[in-house]
Amino acid sequence: MTLMRWEPLMNDGLWMDRLFDNLLPARRRPDEEEPAAIWWPRTEIVEEKGGYLIEVDLPGLRKEDIKVSIQDNHLEVTGERTLERKEEQEGYKRLERAYGSFRRSFQLPKGTDPSKIESTYENGVLAVRVPKSEAATARQIEVKVR
């Protein structure tokens, strides 16, 4: 048996993919035919003047498929995308969309007001607005001259 020196950066370049495939078995590459059992919708979090905007990409889901909840200062977005197959639709050659349930959880920063959180869903994007509390927002203090 010949010993070979292992150089991960010099190999075929797929060593990182293989590592994550072992850690996250539900993750699939687009060239695989079977859809993932778990998926993570893409999310953007933006700090605005009066609070935070969390946008979650959920194309193809109905409002009834999405649940937004808050517990112990964590905002959680959960839902499920189902694949509705019918007899006449058989014959898929490739499935790249992920189906199944998802759960995204975000710890809210200090100084937010969870009681005033609002969410809207439009064109496949869930927008959750988390306002800052009155005490956390900066305010200008007038300097008085005596």
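Where a number appears in this text, it was derived from the coordinates with a stated rule and is not lab data. Quick caveat, the model's predicted, so the values are computed rather than measured. We place every Cβ from the backbone using ideal geometry, glycine too, and count neighbours over all the protein chains shown.
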So Glu44, is it under 15 Å from the mean Cα position of the chain (by Cα), over 14 Å from Tyr121 (Cβ atoms), free of Cβ contacts under 8 Å to residues at least 24 places away in the same chain and surrounded by fewer than 17 Cβ atoms within 10 Å (Cβ to Cβ): yes
- prompt: Mind checking which residues of segment 102-117 are polar (S, T, N, Q) and out of contact with any Lys or Arg (no Cβ under 9 Å at 6 or more places or on another chain)?
  reply: Ser105, Gln107, Ser115
task: Any chance you could count how many residues in segment 51-85 are closer than 18 Å to Gly111 by Cα and loosely packed, with under 12 Cβ neighbours inside 10 Å?
output: 2
